[in-house]
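Contents: one structure, followed by commentary.
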Amino acid sequence: MCLMSSNALPPLPSPCKGICALDEHKEHCIGCLRTLQQIRDWPKLDNPGRMVILQELRAKRDALGQGRARKRNRRGA
């Protein structure tokens with residue numbers, strides 16, 4: 001874990017959606033999809049560590065069909 005310097009980027013924000021409840025198997029939060037370990041670790045992680053979790057969450061959302069809808073190019077290209 002890296003300490004932030006004065007000209008470092010601010011910490012990446014938490015992916016918390018404010019819907020804090022575990023799924024029926026108690027494996028992940030139904031709001032943000034993080035595991036309990038990821039939720040516990042978040043405040044201690046530097047940005048590269050947080051980015052790893054964010055990438056894992058994107059893959060999990062995509063696998064569950066919850067990925068962000070892509071915007072269509074309005075020019076028709």
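None of the figures in this text is laboratory data; all of them are computed from the coordinates on show. None of the values given here were measured: they were computed from a predicted structure. Methodologically, a virtual Cβ is constructed for each residue, glycine included, from the backbone with ideal geometry; neighbour enumeration extends over all protein chains shown.
Between MET51 and LYS26, what is 0.36 nm times their sequence separation minus the Cα-Cα distance? Round to one decimal in nm.
This chain segment gains 6.7 nm when fully extended.
With a 10 Å Cβ neighbour count serving as the proxy for reagent exposure, in which order, fewest first, do ILE30, ILE19, ILE39 appear?
Exposure proxy ranking, most exposed first: ILE19, ILE30, ILE39.
For a quick check: with amide H placed at 1.01 Å from N, whose amide H comes under 5 Å from ARG34's, ignoring anything fewer than 5 positions away on the same chain?
CYS29
Under a Cβ-Cβ cut-off of 13 Å, what is the net charge of the residues other than LEU33 that fall near it, where Lys and Arg count +1 and Asp and Glu count -1?
+1
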